[in-house]
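Below you'll find the structure, written out as C-alpha cells, and then a few comments.
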Number of protein chains: 2
Amino acid sequence: MLNNRVRELRARYGFTQSDLGKQVEVTRQTIAFIEKGEFSPSITLALKLAKALQTNVDELFWLEGDEKDEK
Amino acid sequence: MLNNRVRELRARYGFTQSDLGKQVEVTRQTIAFIEKGEFSPSITLALKLAKALQTNVDELFWLEGDEKDEK
DNA sequence: TTTTCATGTTTGGTTTATATAACATAATGT
DNA sequence: ACATTATGTTATATAAACCAAACATGAAAA
C-alpha cells in the first residue's frame with residue numbers, strides 16, 4: 001500500500017486542494033483522492049506535486065513496509 | 001515529457017527486461033514501454049523500480065525541463 | 001546450422017487514473 | 001440570516017496504464 005504526505009505539506013504551505021490542483025494541472029477531486037490514498041498517481045503527477053510542495057518524490061510517497069515506516 | 005534512466009540502470013545490473021519485470025511485478029512489455037518513454041508509470045511502480053535498481057525515484061525519473069536536463 | 005534468448009512491436013482486453021458535475025456540510029464573513 | 005469557501009463524497013465517462021498473447025529479429029550459444 002502507498003502512503004503519502006500530501007495533505008501535511010499542502011497544509012504547511014497554506015494551499016487549498018484547488019490551489020494545489022491548479023499548480024499541478026489536475027482537479028481538486030484528484031488531489032482529494034490522492035490524499036485519501038485511494039489511488040496511485042502517475043509519476044508525472046507525483047513529480048509535479050513534489051515540485052509544488054518543495055520536496056522530492058521519495059519524501060512525498062512511500063510504500064508501506066519501506067524505510068519511512070520503520071519508525 | 002518524462003525522461004528516465006531505467007534502461008541504463010537495468011543494464012548496469014545485468015538484468016533483462018523480464019528479470020526486472022518479475023522483480024517489480026509487471027510484464028516485460030510494460031518495462032519496454034517505460035524504457036521507451038511511452039507512458040508514465042504509477043508511482044507505486046516507480047517506487048518498486050527505484051528499489052530494484054538501488055536508486056530513488058527522483059534519480060530514475062524526471063520531467064523534461066527540470067534539473068537533470070540543465071546539463 | 002539450429003536453438004535459445006533478449007528485445008521490438010502489435011493487438012485486444014481489463015483495470016485504474018483522472019475529469020466533470022453534482023450535492024452535502026461545516027466554517028467564516030457580510 | 002445569507003453568501004462564500006474548503007472539503008467530503010458519489011456518479012458517470014474517458015484516457016491511459018497494464019496484461020496476455022502472438023510474431024518477428026538479431027545475437028549468442030550449442
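No lab work stands behind these numbers, since they all come straight from the coordinates. None of the values given here were measured: they were computed from a predicted structure. Neighbour counts run over all protein chains shown; Cβ positions are idealised from the backbone, glycine included.
At an R0 of 25 angstrom, the distance between the Cβ atoms of A:Arg7 and B:Phe39 translates into a FRET efficiency of 0.35. For the rotation that carries chain A onto chain B, the axis lies closest to a Cβ at A:Val57, 2, where the number is the distance in whole Å. Position B:Lys36: other-copy label points at 3.6 nm, ordered by increasing distance, label point 7 Å along Cα→C-beta. In a reduced charge model with +1 at each Lys and Arg Cβ and -1 at each Asp and Glu Cβ, segment B:2-53 shows a dipole moment near 120 debye about its Cα centre. Of the residues A:Gly65, A:Leu20, A:Pro41, the one whose Cα sits farthest toward the positive end of the charge dipole of chain A, with +1 on the Cβ of Lys and Arg and -1 on the Cβ of Asp and Glu, is A:Leu20. Under 5 Å between amide hydrogens, built in the peptide plane, is the criterion, and for B:Leu2 it picks out B:Glu64 among residues at least 5 positions away or on other chains.
Kindly flag which residue pairs out of A:Lys22/B:Lys51; A:Lys48/B:Lys36; A:Lys51/B:Lys48; B:Lys22/B:Lys51; A:Lys22/B:Lys36; A:Lys22/B:Lys48 have an alpha-carbon separation exceeding 25 Å in this structure. If you can, show how the numbers build up before the last one.
Values: A:Lys22/B:Lys51 31 Å; A:Lys48/B:Lys36 21 Å; A:Lys51/B:Lys48 21 Å; B:Lys22/B:Lys51 13 Å; A:Lys22/B:Lys36 29 Å; A:Lys22/B:Lys48 28 Å.
Too far apart for the 25 Å limit: A:Lys22/B:Lys51; A:Lys22/B:Lys36; A:Lys22/B:Lys48.
Translational diffusion coefficient of segment B:8-71 (Stokes-Einstein, Kirkwood radius from Cα pairs, 10 °C, 1.306 mPa s): 131 µm²/s.
Just tell me how shielded A:49-58 is by partners: mean number of partner chain Cβ atoms within 10 Å of each residue's Cβ, no decimals.
On the way: counts 1, 2, 3, 0, 0, 0, 1, 4, 11, 9.
The mean count of partner-chain Cβ atoms within 10 Å per residue comes to 3.
In whole percent, what relative contact order does chain B give with Cα contacts below 8 Å and a gap of six or more residues? Don't skip to the end; give the middle numbers.
On the way: 61 pairs, mean separation 29.8, N = 71.
About 42 percent, as a whole number.
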